[in-house]
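Trainee: Sharing a structure, written as C-alpha cells. Questions coming.
The values are calculated or read from the model by the stated rules, or taken from the named source; none is laboratory data. Model, not experiment: these values are computed from the prediction. As a convention, Cβ positions derive from the backbone with ideal geometry for all residues, glycine included, and neighbour counts pool all protein chains shown. Accessible surface areas use protein heavy atoms only, side chains included; no ligands, DNA or RNA. Shrake-Rupley method; radii C 1.70, N 1.55, O 1.52, S 1.80 Å.
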Amino acid sequence: MNIKETQVSNMSQNEPSTHDVEVVYKLASGKYVTVEVSPEVKEWLETTDRKIRTQSRQDRRRLGFVADVDTLDMKHRLLQEDTADTVMRNETYRQLFQAMGMLSELRRYRVYLYYFHGLKFKAIADLENVTGNAVSRSIRGACEEMKKIISKL
C-alpha cells in the first residue's frame, strides 16, 4: 500500500482547504487503484497494515506444524490415478505426519521450514541466530529419528 498526501480544496471559499490522502492499492490482477481518504482513515489503514505485517513476521518465526493431508494431496487429486496408489500415498503422509509430531518442537520447526517451505540451512540459522551446521545436524538427526519412528509404525 502506497500513501501519498494531496491537498484537496473545499467547494466553499470560506472554509479552509483540507488534506486528503491518496491511497494506492495493488490488486491481485496487478492493476493499481487510487482512493482519496481522510487523514483519520489513512491513520487507521497504516495501523492495520502494520499489524498485518507484524503478524506475518510473527507467523514466520513461530510456524506451528499443522498436519493437513488434504492440502498436500490436492495436486495429486487432479491427476487420474489408481485408488490403491491414493490409499498408499495417504498412508505414507499419515505416517510422516505422525513421525513429525513425535519430534521435538525445534526439530519439527526446522524440518518444516526446510522441506515444506524450501528454506536453506543458512536462512533457518539466520532466523534462529545459530550456525548453519547446527541446523544441518538437527535436520539430519530429525530425519534419522523419523525413519526409526516410521519403521516401528
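Trainee: Using a 1.4 angstrom probe with every protein chain in place, what is the largest-first accessible-area order of 149, 139? Can you show the working numbers first?
Mentor: Values: 149 25, 139 5 Å².
My answer, sorted largest first, is 149, 139.
Trainee: Nearest 0.05, what FRET efficiency do residue 144 and residue 122 give at R0 = 22 Å with Cβ-Cβ as r? Don't skip to the end; give the middle numbers.
Mentor: Working: r = 22 Å, r/R0 = 0.99.
Using R0 = 22 Å, I get an efficiency of 0.50.
Trainee: Could you do me a favour and compute the accessible area per residue for region 95-143, 1.4 Å probe, result in Å²?
Mentor: 56
Trainee: Grab the Cα-Cα distance for residue 130 and residue 115, subtract it from 0.36 nm times how many residues apart they are, and report the gain in nm with one decimal. Present the calculation step by step, with values, prior to reporting the outcome.
Mentor: Values: separation 15, 0.36 × 15 = 5.40 nm, distance 1.87 nm.
Full extension from residue 130 to residue 115 adds 3.5 nm.
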